[in-house]
Every structure is written in C-alpha cells, then in structure tokens.
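So the structure is just underneath, and the comments pick up after that.
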Amino acid sequence: MNLLIQNGTIITMHNQKVIRQGAIAIEDQNIIDVGKTCELKRKYGRGYEKVDAKGKVVIPGLINTHQHAAMSLLRGYADDLPLKEWLEKRVWPIENHMTAHDIYVGALLTAIESIMGGTTTVNTMYHYTPAENEAKAFAEAGLRGVIGHVCFSRRKKEDKTALEDLARSWHNKANGLIRISVDPHSPYTVDPEYMKELKEIREELYWKCGSEKSPIICHIHVAETADEAEKIRRSLT
C-alpha cells in the first residue's frame with residue numbers, strides 16, 4: 001500500500017526539527033520521504049492513498065522499555081499490595097495456572113493496545129514457551145519487540161532450555177521485527193553465580209544468533225523498592 005499522510009505538524013528525529021504543513025510518503029510499510037505537503041504532493045500525488053492530518057501532530061513511534069506483555073490479563077489484580085506480598089501471594093501463584101495460550105493472548109492484547117496508543121516497540125520479559133508465546137503474538141500483530149525469558153535461580157535448567165529455543169526460533173525473525181533478550185528477574189531472585197552465568201549465556205547466544213545490528217541484550221528489575229538493597233544484603237549473608 002502507498003500512503004501519503006499530509007497537512008500535519010511533523011516532529012522529526014533530526015535536530016528536533018518541526019515541519020508544519022508536513023507530509024510523509026510511505027511505500028510498502030517503509031517511509032520513503034518526509035517534507036512539506038506542497039512538495040510531496042507534487043512528487044507522490046498519484047497512486048497514493050491520502051490521509052489528512054490537519055490539526056494533528058505526527059511523531060516517531062513510542063518505545064516501551066519495560067513491560068510484561070502477557071500480564072495484561074492480570075490488569076488490576078491485587079495492585080494495592082506491597083511488592084513482596086503482591087508477587088509471592090498473588091502473582092506467582094496465579095501464573096502457575098496460566099497456559100501458553102494465555103501468555104499468547106495476553107501479549108496479543110498488549111500488542112494491539114500498544115499500536116493503538118502509538119507505541120511501535122515494546123521490551124518485554126515473561127515466561128517463554130515454545131508453542132505459543134509473546135514473540136508469536138508481537139509478530140502476528142506487526143509490533144516490533146524485544147522478547148525476553150525471565151530467569152530465576154530456582155529453575156536454572158528450564159531457563160537455559162527456554163533461552164536456547166527462544167534465541168534459535170525468534171531472534172531477528174519476522175523480517176527483523178523481533179529480537180530476544182536474556183532476563184534475570186532481579187538481584188533478590190537470582191543469585192550472584194547464576195547472574196554471572198546468565199551473562200555468559202547471553203554472550204554465547206549473541207555469537208550464535210546475534211550481530212552488531214541485532215544484539216542480544218539483558219533486561220532486569222532493579223531498585224523496585226526502598227528496602228531492596230538491604231534485602232539483598234541479608235540474603236547474601
């Protein structure tokens with residue numbers, strides 16, 4: 001599809017430049033030109049579907065840098081509790097009953113809501129399962145995503161199997177929309193030795209599946225509560 005978005009105020013990524021009465025030309029889902037509407041209409045006047053953006057601001061896609069996409073299904077669930085009680089007494093127990101299909105459906109809902117809100121990239125960590133997962137949901141929705149598997153010291157063997165499958169099946173897939181990450185849950189659920197091992201696993205997966213243009217990153221929770229540092233100190237003594 002060829003598309004010409006015209007008559008809008010365009011906020012660009014180039015030196016904070018603003019183009020008033022601006023237009024964007026799109027061919028086959030790729031932006032091919034940005035400029036004044038009067039100029040682009042002369043170049044792309046025929047064969048383009050027109051979208052009038054008068055009175056609207058056109059901005060680059062937003063990026064959500066921390067998300068648990070499948071947890072859209074748990075929205076509002078016990079959200080008035082302190083973190084420790086929320087996780088240990090409510091969230092982790094209910095997650096034990098979530099299926100792979102639940103994870104896929106929850107991530108699909110997040111993907112659709114993200115696109116509707118102008119978010120074009122989401123960095124998410126959750127539990128990866130091969131059959132149905134967040135990567136599949138994002139790819140089907142057309143959302144760019146970094147998909148991570150969350151790792152805990154209590155399930156090292158399962159984590160390593162999941163990370164290997166996630167990287168092999170999804171890194172740089174869906175025409176480059178999907179990348180993967182290695183995600184220690186937090187310093188209070190991942191011991192120091194496993195934290196180091198996950199760093200090594202990430203590096204190994206990078207050499208197997210990644211590149212400079214498609215790196216494999218790390219994603220973690222830190223400093224979630226005021227007492228986290230003291231809690232970690234106690235756990236290490």
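Side notes on the structure shown:
- Breaking point among (1) in a helix (DSSP H, G or I); (2) under 21 Å from Y77 (Cβ atoms), for K136: (2)
- Flag for M71 being of a type in the set (A, V, I, L, M), out of contact with any Ser or Thr (no Cβ under 9 Å at 6 or more places or on another chain) and in the same structural domain as E228 (by TED's automatic domain parsing): no
- Scope region 116-131; condition touching a strand residue (DSSP E or B) at 6+ places or on another chain (Cβ under 7 Å) and either hydroxyl-bearing (S, T, Y) or on the phi > 0 side of the Ramachandran plot (or both); matching residues: G118, T119, T120, T121, T124, Y126, Y128
- Pairs where the first residue, in region 203-230, is at positive phi and the second is not polar (S, T, N, Q), C-beta under 9 Å, 6+ apart: A223/A229
- Selected residue [hydrophobic (A, V, I, L, M, F, W, C), in a strand (DSSP E or B), surrounded by 11 or more Cβ atoms within 10 Å (Cβ to Cβ) and at pLDDT below 95] from I19, I31, I63, I10: I31
- Index of the failed condition, H68 passing every other in (1) closer than 18 Å to S186 by Cα; (2) of a type outside the set (G, A, S); (3) without any contact (Cβ under 8 Å) to a residue 12 or more places away in the chain: (3)
- Selection count where residues are of a type in the set (S, T, Y) and in contact with a helix residue (DSSP H, G or I) (Cβ under 8 Å, 6 or more places away or on another chain), scope region 149-172: 2
- Residues of region 40-55 satisfying the condition of being charged (D, E, K, R) and surrounded by 13 or more Cβ atoms within 10 Å (Cβ to Cβ): K41, K43, K50
- Residues that are in contact with a Phe, Trp or Tyr (Cβ under 6 Å, 6 or more places away or on another chain) and part of a loop (DSSP other than H, G, I, E, B) were ranked within region 66-103; the one that is nearest to K136 (Cα to Cα) is H68.
The values are calculated or read from the model by the stated rules, or taken from the named source; none is laboratory data. The shown structure was predicted, so the numbers you read here are calculated from the model rather than taken from an experiment. For neighbour counting, all protein chains shown are included, and Cβ atoms are generated from backbone atoms with ideal geometry for every residue, glycine included.
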